[in-house]
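Single-structure report; data block below.
Every number here is computed from the coordinates shown, using simple stated rules; none is lab data. Since we're looking at a predicted model, the values are computed, not measured. Cβ sites come from the backbone with ideal geometry, for glycine too, and all protein chains shown count toward neighbours.
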Amino acid sequence: MKSRRGFVSNSSTSSFLIYGCYISNEDRISIEEQFDTEWGDLGDAEDFPINIRPFSGADGYNKYLGRSWDCIGDNQTGAEFKQQIKQAIEKLLSKTVTCSTHEEAWRDG
C-alpha cells in the first residue's frame, strides 16, 4: 500500500452531506421573511431552530434545511437524529416533509 506524506490542498472543492430536505423557493422566501434575514445568515438568526441549518447547493439555487451527519450525538442513534431533524423542519415550515440524506460536491476550476 502506498501512502502520501505531503501536504494536500483541495481548497477549490466544496461538499456537504446532510440529513434534511429540499426547500422550495416559496418556503425559502417565507423563512427569510419570518426571520427577517437572507438565507445565508439564517443559522445566526436569534430564534432559528438550533437542530437545523440552511444549506445551499452548488448552483446557488437549490436550498436545503438539515443537519450535517457529523453533528450526531455520541449517545444518539441514527433514528433519533433523523427524527429530531424532521420534527424541527416540520415545526419551522408548519407542514409534513420528507427527509433524506443529501450529498453535493463541486469543484471550482
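Residues of the range 39-49 that are farther than 18 Å from Val97 by Cα and in contact (Cβ under 8 Å) with a residue 24 or more places away in the chain: Trp39 alone.
Select from the range 53-109 the residues that are among the β-branched types (Val, Ile, Thr) and more than 23 Å from Ile31 (Cα to Cα) and write down the one among them that is farthest from the chain's Cα centre (by Cα).
Here is the first cut: in the range 53-109, the residues among the β-branched types (Val, Ile, Thr) are 72, 77, 85, 89, 96-98, 101.
Pick out the ones that are also more than 23 Å from Ile31 (Cα to Cα) and you get 72, 77.
Values: Ile72: 13, Thr77: 19 Å.
Applying the filter and picking the extreme gives Thr77.
For the range 30-39, the set of residues classified as part of a helix (DSSP H, G or I) and either buried (at least 16 other Cβ atoms within 10 Å of the Cβ) or within 11 Å of the chain's Cα centre (by Cα) (or both) consists of Ile31, Glu32, Phe35, Trp39, listed by residue number. Would you confirm whether any residue within the range 47-59 is within 14 Å of Tyr22 (Cβ to Cβ), of a type in the set (A, V, I, L, M) and surrounded by fewer than 17 Cβ atoms within 10 Å (Cβ to Cβ)? The answer is yes, given that some residue of the range 47-59 is within 14 Å of Tyr22 (Cβ to Cβ), of a type in the set (A, V, I, L, M) and surrounded by fewer than 17 Cβ atoms within 10 Å (Cβ to Cβ).
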